[in-house]
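Remarks on the structure that follows.
The values are calculated or read from the model by the stated rules, or taken from the named source; none is laboratory data. Note that this is a predicted model, so its numbers are computed, not measured. Cβ placement follows ideal geometry from the backbone for every residue including glycine, while neighbour counts extend to all protein chains displayed.
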Amino acid sequence: MSERIGVITRGINNIYTVVPVEQAQELSTATPVFCRIKGKVLQDVEDSYNPLAVGDRVIYTHDGMVLSRLERRNSFARWNAKRQVNQTLVANMDRILCITSTNDPPFRPRFIDRAIACSHKIPVMIVLNKCDLALTGEEEQRFRLYGELGYEIFAMSAFDQAGIIALRARLAGLTVALIGQSGVGKSTITNALLGEDEMQRTGEISSKFHRGRHTTNHAIMLDARTFRVVDTPGMRELLVPHEDPHVLADSFPEFRNLAQKCSFQPCLHDHEPGCAVKDALEKGMIHPDRYESYLRMIASIEDRPESWESDRR
């Protein structure tokens, strides 16, 4: 029984599509194998909603058995409130593209903050879709702030060919995953990047709730010729993983240098006296809504269920 190294490109109902690792750069011509986990329990994987995710590198056999998962270099994980456990959406990505929009649904920077916190060692690129619809001055400042903090930002319209061409150029050679709320245009952008309008179904916006109807119900890796793109299901909520709350501060680059000056080490930058982060906040050096976003994430970890995270700003 020969063993090979492969990459998971899709997973539905515990059946995983695996392509040989040497064919992962050319998915359109790859030879997939449909696999199950040998013994139904993957060795050395515990406390996870799903042992395998799109992008994982695995050892598998030609007769369709996944034997083990190789070490991940990074991942995007969220808290699954229903199962009360962390859930990995994708792994081993070169970029997370956090797709947001100006309207329908409205621009929600706290969702972006949570997406950044869910990205473990994956660079995040923030893509503002529907840029033909103007942001308010405050929203514009908030979007530009991400660029000032070191995140790559990109404004476009999924229906503007020039924007799609520019985005394709920036993604050349990469494997990326699109993350976003329902209705922001993830699948529309995916279709445009692929150049095939029918690859992923798109849906209309629910005008009543300003939410999108789900059009992608599982993560799937697709071949965009010069790069690979993973479309993921739209989310109405994104909850940060349950972990050491001190880790969250790493998702706020404006905290990093200041944190070394805090009187208490490690400092949660919440109620502790002598906190350099809170001092900088009072001096206007830290955006107050970014700090509030941070506090709500801390609270969501320390006090499940996730009532703090349910606001839709």
Exercise. Output the residues belonging to the stretch 247-303 that are over 18 Å from W79 (Cβ atoms) and of a type in the set (D, E, K, R).
Key: E254, R256, K261, D270, E272, K278, D279, E282, K283, D289, R290, E292
Quiz item: When you go through (1) under 21 Å from N80 (Cβ atoms); (2) modelled with pLDDT of 95 or more; (3) not assigned by TED's automatic domain parsing to the domain that holds H120 one by one for F252, which number turns out not to apply?
Solution: (1)
Quiz item: If we keep just the residues of the stretch 219-244 that are under 30 Å from I298 (Cα atoms) and either among the hydroxyl-bearing types (S, T, Y) or surrounded by fewer than 20 Cβ atoms within 10 Å (Cβ to Cβ) (or both), which is modelled with the highest pLDDT?
Solution: T232
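Which of the residues spanning the stretch 106-122 are under 18 Å from L248 (Cβ atoms) and not in a strand (DSSP E or B)?
Step one: filter the stretch 106-122 for residues under 18 Å from L248 (Cβ atoms), giving 109-122.
Matches in the stretch 106-122: P109, R110, F111, I112, D113, R114, A115, I116, A117, C118, K121, I122.
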Quiz prompt | Odd one out for F154, checked against (1) of a type in the set (F, W, Y); (2) more than 21 Å from L239 (Cα to Cα); (3) at pLDDT below 95 | solution = (3)
Exercise. Have a look at N103, N50 and point out the one that is touching a residue at least 24 places away in the same chain (Cβ under 8 Å), in the same structural domain as R142 (by TED's automatic domain parsing) and either within 23 Å of V247 (Cα to Cα) or part of a loop (DSSP other than H, G, I, E, B) (or both).
Key: N103
Quiz item: Looking at the stretch 207-218, is at least one residue charged (D, E, K, R), at pLDDT 95 or above and either out of contact with any helix residue (DSSP H, G or I) (no Cβ under 8 Å at 6 or more places or on another chain) or over 22 Å from D113 (Cα atoms) (or both)?
Solution: no
Quiz item: Do we have K82 as outside the structural domain of M156 (by TED's automatic domain parsing), at pLDDT below 95, buried (at least 16 other Cβ atoms within 10 Å of the Cβ) and among the basic types (K, R) here?
Solution: no
Practice problem: Taking the residues in the stretch 222-234 that are touching a residue at least 60 places away in the same chain (Cβ under 8 Å) and in a strand (DSSP E or B) as candidates, determine which candidate is farthest from the chain's Cα centre (by Cα). | Solution: D223
Exercise. Could you tell me whether the stretch 77-98 includes any residue that is part of a loop (DSSP other than H, G, I, E, B) and within 25 Å of A166 (Cβ to Cβ)?
Key: yes
Practice problem: Only residues that are aliphatic (A, V, I, L, M), modelled with pLDDT of 80 or more and in a loop (DSSP other than H, G, I, E, B): list them for the stretch 34-47, please. | Solution: L42
Quiz item: Which residue, of T136, T102, is at pLDDT below 95 and in contact with a Cys (Cβ under 7 Å, 6 or more places away or on another chain)?
Solution: T102
Quiz item: If you scan the stretch 19-33, which residues turn out to be farther than 16 Å from V229 by Cα and part of a loop (DSSP other than H, G, I, E, B)?
Solution: T31, P32
Exercise. Scan R4, R78, R10 and give me the residue that is in contact (Cβ under 8 Å) with a residue 60 or more places away in the chain, more than 20 Å from R225 (Cα to Cα) and in contact with a Ser or Thr (Cβ under 9 Å, 6 or more places away or on another chain).
Key: R78
Practice problem: Output yes when any residue across the stretch 295-310 is surrounded by 12 or more Cβ atoms within 10 Å (Cβ to Cβ), among the aromatic types (F, W, Y) and modelled with pLDDT of 95 or more, and no when none is. | Solution: no
